[in-house]
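Just below is one structure, and these are the notes that go with it.
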Amino acid sequence: MTIKPLIILPDPVLRQLSKPVETVDADVRRLADDMLDTMYDAPGIGLAAIQIGIPRQILVIDVSKDGEEKQPLVFINPKVLTTSDEPSVYEEGCLSIPDYYAEVERPAEITVEYIDLEGKKLTAKVDGLLATCLQHEIDHLNGVLFIDHISKLKREMVIRKFTKAAKTRGAKAI
Ligand SMILES: [Zn+2]
């Protein structure tokens with residue numbers, strides 16, 4: 001069990017593109033395990049590998065409710081195939097943008113193609129919180145953050161706040 005440090009806004013690493021996984025091997029499975037440990041520790045409901053500094057197309061998600069049995073999901077090389085016209089609005093947050101939440105509108109239902117930890121190619125039709133979370137995490141693979149879906153004014157405000165906080169952290173480290 002390894003909890004990895006999280007990459008926080010405005011670190012430019014978060015804007016990197018993640019590369020597809022070629023082979024699902026022991027390294028990939030170990031990385032997925034570490035990502036789940038990191039996500040549960042945070043705690044969060046989703047994490048992309050780039051959020052621990054690894055630009056590979058791996059996501060972990062668990063949208064089970066508090067007190068319910070854990071339902072860890074791993075998506076490798078996920079790709080959205082179809083999206084519904086019907087939108088859904090959810091107040092999103094992000095482990096890389098701690099303590100900031102904003103409403104984001106996304107398609108309510110999506111079909112996604114991905115590879116599982118056994119290297120099997122699967123297709124799933126999902127809705128609800130899982131659909132929102134998957135789209136948020138797939139955005140990370142393209143260097144996109146949920147604040148890119150809110151107004152420019154709000155986005156600039158949150159980036160300014162986190163840039164200031166990062167400078168303060170830097171000053172303390174000296
Ligand atoms: Zn996020």
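The values are calculated or read from the model by the stated rules, or taken from the named source; none is laboratory data. Values in this document were obtained by computation on a predicted structure and should not be read as measured data. Every residue, glycine among them, receives a Cβ derived from its backbone with ideal geometry; neighbour counts consider all protein chains shown. To get the accessible areas, we keep the full protein, side chains included, count just its heavy atoms, and leave off ligands, DNA and RNA. Shrake-Rupley method; radii C 1.70, N 1.55, O 1.52, S 1.80 Å.
Have a look at LYS79, LYS161 and point out the one that is open to solvent by 90 Å² or more (accessible area, probe 1.4 Å), under 15 Å from the mean Cα position of the chain (by Cα) and at pLDDT 95 or above.
Criteria check complete, one pass: LYS79.
Any idea which of THR83, THR168, THR132, THR123 is polar (S, T, N, Q) and touching a Leu at 6+ places or on another chain (Cβ under 8 Å)?
On inspection, the qualifying residue turns out to be THR123.
Taking the stretch 71-90 on its own, how many of its residues are within 18 Å of ALA42 (Cα to Cα) and in contact (Cβ under 8 Å) with a residue 12 or more places away in the chain?
Number of matching residues: 3.
Inspect all residues belonging to the stretch 28-50 and state whether any of them is under 25 Å from PRO107 (Cα atoms) and basic (Lys, Arg).
Checking the stretch 28-50: not a single residue is under 25 Å from PRO107 (Cα atoms) and basic (Lys, Arg).
Restricting to the stretch 1-48, and then to whatever is among the aliphatic types (A, V, I, L, M), open to solvent by 50 Å² or more (accessible area, probe 1.4 Å) and within 15 Å of the chain's Cα centre (by Cα), can you tell me which residue is nearest to GLY67 (Cα to Cα)?
The qualifying residue nearest to GLY67 (Cα to Cα) is ILE45.
For the stretch 149-161, does any single residue satisfy the condition of being of a type outside the set (A, V, I, L, M, F, W, C), assigned to a helix (DSSP H, G or I) and closer than 18 Å to GLY53 by Cβ?
Taking every residue of the stretch 149-161 in turn, none turns out to be of a type outside the set (A, V, I, L, M, F, W, C), assigned to a helix (DSSP H, G or I) and closer than 18 Å to GLY53 by Cβ.
Might you let me know whether the stretch 132-147 holds any residue that is within 18 Å of LEU14 (Cα to Cα), open to solvent by less than 80 Å² (accessible area, probe 1.4 Å), in contact (Cβ under 8 Å) with a residue 60 or more places away in the chain and part of a loop (DSSP other than H, G, I, E, B)?
Within the stretch 132-147 (the criterion being within 18 Å of LEU14 (Cα to Cα), open to solvent by less than 80 Å² (accessible area, probe 1.4 Å), in contact (Cβ under 8 Å) with a residue 60 or more places away in the chain and part of a loop (DSSP other than H, G, I, E, B)), the answer is yes, since at least one residue qualifies.
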